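Step one of this worksheet: look at the structure below.
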């Protein structure tokens with residue numbers, strides 16, 4: 001169940017580029033979560049550092065400057081490269097095993113000057129038939145972020 005302050009937006013579908021043949025239609029997903037957070041340092045650490053990401057996103061996170069390895073459970077592991085970062089603003093990852101070079105997932109923080117709270121914006125991509133599941137997964141992950149960071 002969503003809180004009144006949260007807004008969730010799913011952007012219109014964007015078809016894959018012609019060079020990606022025989023793939024299902026993909027959608028860009030944009031989610032926004034208002035967090036009762038006034039510390040930019042705490043939120044930035046939670047979305048951009050291995051220790052912070054281990055608190056809510058993955059069980060174990062390893063990083064060297066450009067490559068991040070996310071581990072879940074005992075066997076699931078995925079590598080992502082950091083393709084964009086602006087301190088106290090956003091971090092953008094691209095899965096190394098993805099055939100879609102233009103797809104990424106991004107964690108962005110913005111400050112509401114009115115309330116001085118932060119908004120976490122998440123951008124991700126999913127197959128048309130997986131959009132709902134992807135949104136639910138992010139919802140669950142952000143709920144864990146709220147609990148672990150006290151937002």
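The numbers here are math on the coordinates, done by the rules we state, and not lab data. Values in this document were obtained by computation on a predicted structure and should not be read as measured data. Neighbour counts run over all protein chains shown; Cβ positions are idealised from the backbone, glycine included.
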Sorted peptide list for 122-128, 39-45, criterion being average Cβ within 10 angstrom, highest first: 122-128, 39-45
Sequence ranges 134-141, 60-67, ranked by mean other-Cβ count within 10 angstrom, highest first: 134-141, 60-67
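Rounded if a/c is under 1.5, else prolate if a/b is larger than b/c, else oblate: which is region 47-113, with a ≥ b ≥ c the root eigenvalues of its Cα gyration tensor? Walk me through the intermediate numbers first.
On the way: a/c = 2.02, a/b = 1.27, b/c = 1.59.
The shape class here is oblate.
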Euclidean distance of C-alpha centroids, region 92-106 and region 56-80, integer Å: 14
Peptides ranked, highest mean first, by Cβ atoms within 10 Å: ranges 91-99, 29-37: 29-37, 91-99
